[in-house]
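The values are calculated or read from the model by the stated rules, or taken from the named source; none is laboratory data. Everything numeric here is computed off the predicted structure, so don't read it as measured data. Ideal geometry is used to build each Cβ from the backbone, glycine not excepted, and the neighbour counts take in all protein chains shown. The accessibility values were calculated without ligands, DNA or RNA, using every heavy atom of the protein model including side chains. Shrake-Rupley method; radii C 1.70, N 1.55, O 1.52, S 1.80 Å.
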Amino acid sequence: MPIITDARVIITSPGRNFVTLKLHCDEGTTGIGDATLNGRELAVASYLADHVVPCLIGRDAHRIEDIWQYLYKGAYWRRGPVTMSAIAAVDVALWDIKGKLAGLPLYQLLGGASREACLVYCHANGTTIEDTIATALAHRDEGYRAIRLQCGVPGLASTYGVAKPGQRYEPADAALPSEAIWSTEKYLRVVPELFAAAREALGPDIHLLHDVHHRLTPIEAGRLGRDLEPYRPFWIEDPTPAEQQEGFRLIRQHTTTPIAVGEVFNSIWDCKTLIEQQLIDYVRATVVHAGGITHLRRIAALADLYQVRTGCHGATDLSPVTMAAALHFGLSVPNFGVQEHMPHTAETDAVFPHAYRFEDGRMHPGNAPGLGVDIDEELAAGYDYKRAYLPVNRLEDGTLWSW
Ligand code: GCO
Ligand code: MG
C-alpha cells in the first residue's frame, strides 16, 4: 500500500494567488490538490500545514473515504469554506495518486465517461450592451455553445463581471477591498435589454447565461426571471443569497427561468432543501470548495434524484488543478449540466501544465493517469504571494450590500 510520507503546501502567485497541496508516497508517487480560497488563501494554507499535514503522514493513500471521514468528523468542527477547501485538497490529491497507481485517468475510476466531453460556458463581458454582444459573437466563433453575458449598468461606475478597459476579469486586485456602488433598479432595467439584443444577434441555438451574484431579493429575482423568459436563458445564477434556502420558493412561484446556485456552498447541507424541494435546476458547488471529489459526488447523487444537474464553478481563482478535477467529475456523473470555463493566463498555465483541452465548445480532461495536471515547483517558487481581496458593494446611500 502507498504510504503518505510527506505533504507540502505550495503558495504561488502567477498573476493571482493559488494554494496547492502536494502529497508524496513512499514508493515515489505524488498527487496534487487545489486549496485556493480567493481572498482568504493563507487561512487554508495554515489549516493544512498546521493541522492536517501532521495527521496524514503514515496513512495509506488508498483509503480516500476513510481519510475524508477522519478529517471531517475528526476535527469536531464541521463544514465551512476553510475546512472544506482543505479537505478537498487532500481528497483530490489522493484521487490523483490512486489514478496514477492504477494507470488510469481519474474519470475511469469514477465510473467512466458518461459523455464524449463536457459542455462549457465562457464569459462575454462589456461596458455596454454592444461591447458585450461583440465579445459574445467572437466567443461563438471560437466554438463556444454557451455564453455568460454581463454588461455595465448605465449610471453605475462599475459592476460585477465587467472588467475595466484593458484588464482581465476576475478581480482580486487590491491590498484592501475596493468598493463599488450598486442599484437594483438600474440593473433590472438593463439586463432584459442585454438579453433581447443577445438573442437577436446570436440566434436561438447558443445557450445564454447570466450571473446575478447574490444581489436581488427573491421577489426581485422572480421579476428578473420573468422578464428574461422570452429570451430563453439557460440559467440565471445566484439570484439571491442562499443561506435561506426556502427563499427560492418565492422565485419559483414567479418564473420558469432555470436557476443555478452554489459556488459559495461547501457542503451538501447548503443545498439539501434547494435540491429536495426542486427549488433550483443546477447546483454550482465545486470540487475545491465543497470537500473534493468525494463530497461533490454525494451532492451530485442527491441532485440526480431530483433532476437537478451540475454546473460547477470554474472562475480563474480556482486553479487548473480544480479545472482538471471538475472535468473528470463532469465527464463521469450522469447528471452533468455544464462547466464554467474562464481560461487561465499563460503564466498560470505554465505553472500548472495540464492534459485537459477545449474543442468545439466542450472540454475533455485528457487520458493521462490521475488528474493529468502537475505543478512546476521551480516556476511556482518565482511568484510570491500577494495579498488581494475581492471588492465590496454598497447601495447608493452607503449601505453595505452583497458583492
Ligand atoms: C463565477 C463567480 C466568480 C466569483 C469568484 C469569487 O460565477 O464565476 O461568481 O466570478 O466572483 O470566483 O472568487
Ligand atoms: Mg458566480
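Is there any pair linking a residue in the stretch 170-196 that is part of a helix (DSSP H, G or I) to one that is of a type in the set (Asp, Glu), with Cβ under 7 Å and at least six apart or on different chains, and which?
From residues that are part of a helix (DSSP H, G or I), the pairs are Thr184/Glu220; Leu188/Glu220; Pro192/Asp227.
Anything in the stretch 53-91 that is part of a helix (DSSP H, G or I) and closer than 19 Å to Asp26 by Cβ? List them, or say none.
Once the filter is applied, which keeps residues that are part of a helix (DSSP H, G or I) and closer than 19 Å to Asp26 by Cβ, the stretch 53-91 yields Val53, Pro54, Cys55, Leu56, Ile64, Asp66, Ile67, Val90.
Among the residues of the stretch 361-398, which ones are hydroxyl-bearing (Ser, Thr, Tyr) and at pLDDT 95 or above?
Correct list: Tyr383, Tyr385.
Scanning the stretch 238-269 for residues that are in contact (Cβ under 8 Å) with a residue 40 or more places away in the chain and either of a type in the set (A, V, I, L, M, F, W, C) or not in a loop (DSSP other than H, G, I, E, B) (or both), which turns out surrounded by the most Cβ atoms within 10 Å (Cβ to Cβ)?
Filtering first and then ranking leaves Ala260.
Would you check if Trp182 is within 16 Å of ligand 1 (Cβ to nearest atom), modelled with pLDDT of 95 or more, in the same structural domain as Ala315 (by TED's automatic domain parsing) and closer than 25 Å to Thr36 by Cβ?
No: the conditions fail for Trp182.
Out of (1) over 29 Å from Gly112 (Cα atoms); (2) open to solvent by less than 50 Å² (accessible area, probe 1.4 Å); (3) of a type outside the set (Ser, Thr, Tyr), what's the single condition that is false for Arg387?
With respect to (1) over 29 Å from Gly112 (Cα atoms); (2) open to solvent by less than 50 Å² (accessible area, probe 1.4 Å); (3) of a type outside the set (Ser, Thr, Tyr), Arg387 is out only on (2).
Against the definition (over 23 Å from Ser402 (Cβ atoms), open to solvent by 10 Å² or more (accessible area, probe 1.4 Å) and touching a Lys or Arg at 6+ places or on another chain (Cβ under 6 Å)), how does Tyr306 come out, yes or no?
So Tyr306 fails the test.
Can you tell me which condition Gly330 does not meet? The list is (1) away from ligand 1 (no atom under 14 Å from the Cβ); (2) open to solvent by 10 Å² or more (accessible area, probe 1.4 Å); (3) of a type outside the set (Phe, Trp, Tyr), and all the others hold.
Of the numbered conditions (1) away from ligand 1 (no atom under 14 Å from the Cβ); (2) open to solvent by 10 Å² or more (accessible area, probe 1.4 Å); (3) of a type outside the set (Phe, Trp, Tyr), the odd one out for Gly330 is (2).
Quick one: in the stretch 1-60, which of the residues that are touching a residue at least 60 places away in the same chain (Cβ under 8 Å), small (Gly, Ala, Ser) and out of contact with any strand residue (DSSP E or B) (no Cβ under 8 Å at 6 or more places or on another chain) is nearest to ligand 2 (Cβ to nearest atom)?
Once the filter is applied, the top-ranked residue is Gly15.
Got at least one residue in the stretch 259-270 being under 27 Å from Tyr144 (Cβ atoms), in the same structural domain as Phe195 (by TED's automatic domain parsing) and not hydrophobic (A, V, I, L, M, F, W, C)?
Yes, the stretch 259-270 contains at least one residue that is under 27 Å from Tyr144 (Cβ atoms), in the same structural domain as Phe195 (by TED's automatic domain parsing) and not hydrophobic (A, V, I, L, M, F, W, C).
Is there a residue in the stretch 349-358 that is over 17 Å from the mean Cα position of the chain (by Cα), within 16 Å of ligand 2 (Cβ to nearest atom) and farther than 30 Å from Gln277 by Cα?
Checked the stretch 349-358: no residue is over 17 Å from the mean Cα position of the chain (by Cα), within 16 Å of ligand 2 (Cβ to nearest atom) and farther than 30 Å from Gln277 by Cα.
Take the conditions within 30 Å of Tyr187 (Cβ to Cβ) and assigned by TED's automatic domain parsing to the domain that holds Leu202 and apply them to Ala117. Does it pass?
Here the answer is no, as Ala117 does not meet what is asked.
For the stretch 208-234, give me each residue that is farther than 17 Å from Tyr187 by Cα, away from ligand 2 (no atom under 16 Å from the Cβ) and not in a helix (DSSP H, G or I).
Arg232
Does Ala138 qualify as being free of Cβ contacts under 8 Å to residues at least 40 places away in the same chain and either within 16 Å of ligand 1 (Cβ to nearest atom) or within 24 Å of the chain's Cα centre (by Cα) (or both)?
yes
Name the residues in the stretch 197-213 that are within 25 Å of the chain's Cα centre (by Cα) and either among the β-branched types (Val, Ile, Thr) or open to solvent by 20 Å² or more (accessible area, probe 1.4 Å) (or both), would you?
Asp205, Ile206, His207, Val212
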